[in-house]
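Reading through the structure tokens given below for one structure.
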Amino acid sequence: MRQHHEQYDGTGYPDGVAGEQISRAGRIGAITDAYEVMTAHRAYKKPMATAAARAELARCAGAHFDPGYVRAFLAIPLPKLLWAM
């Protein structure tokens, strides 16, 4: 999961790689990590609504996240996603 902070457009870290240069695990991990952070309660923030978090993933597809993997993630029915979490 070294690459889960890489961004699809190449502006991430630690290596500054882009697109397909980012490992599959890194591209998937970036999406799931971002979703979990947005929707989880933290001592410093309240959780974002699931619909808003999903909209944010869609908005950032192609820049921060692999657009194909975002589409696949958003295709998971919300009840199934909530059950898995």
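The values are calculated or read from the model by the stated rules, or taken from the named source; none is laboratory data. Because the structure is a prediction, the values reported are computed rather than measured. To get the accessible areas, we keep the full protein, side chains included, count just its heavy atoms, and leave off ligands, DNA and RNA. Shrake-Rupley method; radii C 1.70, N 1.55, O 1.52, S 1.80 Å.
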Segment Ala58-Arg2, length gained on full extension (0.36 nm per residue, minus Cα span): 17.8 nm
Cα-based helix-to-principal-axis angle, 50-60 vs the chain, degrees rounded to 10: 20
Option label - semi-axes √(5λ) of the Cα gyration tensor in Å computed here, alternatives (i) 25, 18, 9; (ii) 22, 15, 11; (iii) 18, 15, 13: (ii)
Percent accessible area from carbon and sulfur atoms, the stretch 1-74, protein chains only, probe 1.4 Å: 57
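Just to confirm, what accessible area per residue do you get for the stretch 16-71 at 1.4 Å probe, in whole Å²?
On the way: 3070 Å² over 56 residues.
Heavy-atom accessible area per residue stands at 55 Å².
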Additional length obtainable on full extension of the chain from Leu74 to Glu36, 0.36 nm per residue less Cα span: 12.3 nm
